[in-house]
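Below is one structure, written out as structure tokens; comments come after it.
The values are calculated or read from the model by the stated rules, or taken from the named source; none is laboratory data. Please read all numbers here as calculations on a predicted model, not as lab measurements. Here the Cβ positions follow ideal geometry from the backbone for every residue, glycine too, while neighbour counts run over all protein chains shown.
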Amino acid sequence: MLAQSGTLIANKSSLKPGDLVAFAKTTNENKLVTHIGIYFGNNLFLHSSSSKGLYILA
């Protein structure tokens, strides 16, 4: 079950610290969230990778 709320942010400059960022892929019938991270501000994004563990992208 996917959430039916939230706001699409088309421009990265609109992100605020603490925003959850969801990455999705679209299948024939559904849009599936495949990855989530947290925006820290100043172009820093925290996420976890199965190959690299927890890290911050700048």
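Listing for the model above:
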| read-out | value |
| --- | --- |
| Close pairs (6 angstrom Cβ cut-off, 6 or more residues apart or separate chains): within 17 Å of residue 42 (Cβ to Cβ) and among the polar types (S, T, N, Q) in region 1-26, part of a loop (DSSP other than H, G, I, E, B) and modelled with pLDDT under 80 anywhere | none |
| Unique residue being of a type in the set (S, T, N, Q) and in contact with a Phe, Trp or Tyr (Cβ under 7 Å, 6 or more places away or on another chain) when the list is 27, 7, 34 | 34 |
| Close pairs from region 40-55: first under 16 Å from residue 23 (Cβ atoms), partner hydroxyl-bearing (Ser, Thr, Tyr) and in a strand (DSSP E or B), Cβ under 6 Å, at least 6 apart | 45/39 |
